[in-house]
Amino acid sequence: MTSLASASLLGRGGSGMSIHFKSILALATALSLCAAGASAETMHIFWKDLRPASQAVAEDAGLPMIAAKLADHGETLSLGLQDKTVQLAGYALPVDRDGDLVYQFLLVPWTGACSHMPTPPANQIVLVTPAHPYKMSQAYQSVAVTGALKPDMEKSQLFILDGVSVIRSGYSVRRADVVGVDTVPDAITLPVNSPWTFLNKKKN
């Protein structure tokens with residue numbers, strides 16, 4: 001009787017340990033999948049993903065297209081990317097700064113945009129608010145921005161040498177992670193006489 005009871009208890013204990021082990025294994029697997037899912041959630045996008053397929057990048061005498069040439073003035077946005085966590089590389093043009101600390105900037109697809117070069121269509125401009133002030137030594141530094149994308153038309157005042165310019169952006173990213181990059185994969189090729197071509201070259 002005693003041996004049977006002991007055997008019964010051992011059997012239950014073994015089963016309990018087996019169930020406990022399986023629970024731990026399942027939890028570890030779930031956490032692993034969650035971690036993998038979190039990293040997979042960030043979409044690496046390009047500037048073409050922010051405009052309709054019919055809006056191809058056109059170059060006229062080496063200059064990028066401007067909104068005035070487009071039927072919708074570049075206001076057609078990619079609503080399918082709303083609230084998606086994306087990463088996009090481009091050139092940062094400060095909107096709100098204090099010395100070399102930038103609190104808000106416009107991310108644009110080519111250097112000199114909005115100041116010495118044509119202003120891109122709204123769906124090719126992203127208003128970025130970094131999670132922490134980003135240290136920037138010069139305008140149009142190449143950066144990669146990661147965060148939740150919000151398709152929404154906004155206006156920003158840009159202070160340039162000629163005065164104040166109002167720039168319309170089609171997207172925004174708040175509390176963005178910003179890092180410097182060597183190159184922008186899909187950067188527009190600027191005319192050889194552009195003073196900003198040096199920023200398109202890969203840093204050594």
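General observations
- Across segment 83-98, the qualifying residues are those that are out of contact with any Phe, Trp or Tyr (no Cβ under 9 Å at 6 or more places or on another chain) and among the β-branched types (Val, Ile, Thr), and the one among them that is surrounded by the fewest Cβ atoms within 10 Å (Cβ to Cβ) is Thr85.
- Val179 satisfies every condition listed in (1) out of contact with any strand residue (DSSP E or B) (no Cβ under 8 Å at 6 or more places or on another chain); (2) modelled with pLDDT of 95 or more except (1).
- Any hit, segment 46-68, residues being modelled with pLDDT under 80 and among the charged types (D, E, K, R): yes
- Breaking point among (1) outside any strand (DSSP E or B); (2) of a type in the set (A, V, I, L, M); (3) within 19 Å of Arg175 (Cβ to Cβ), for Ala53: (3)
- Residue satisfying all of: in segment 99-118; open to solvent by 50 Å² or more (accessible area, probe 1.4 Å) and touching a residue at least 12 places away in the same chain (Cβ under 8 Å); nearest to Arg51 (Cα to Cα) among these: His116
The values are calculated or read from the model by the stated rules, or taken from the named source; none is laboratory data. Keep in mind the model is a prediction, meaning the values are calculated, not measured. In this analysis, Cβ positions are derived from the backbone assuming ideal geometry, glycine residues included, and neighbour counts consider all displayed protein chains. Note: accessible area is taken over every heavy atom of the protein model, side chains too, but ligands, DNA and RNA are not part of it. Shrake-Rupley method; radii C 1.70, N 1.55, O 1.52, S 1.80 Å.
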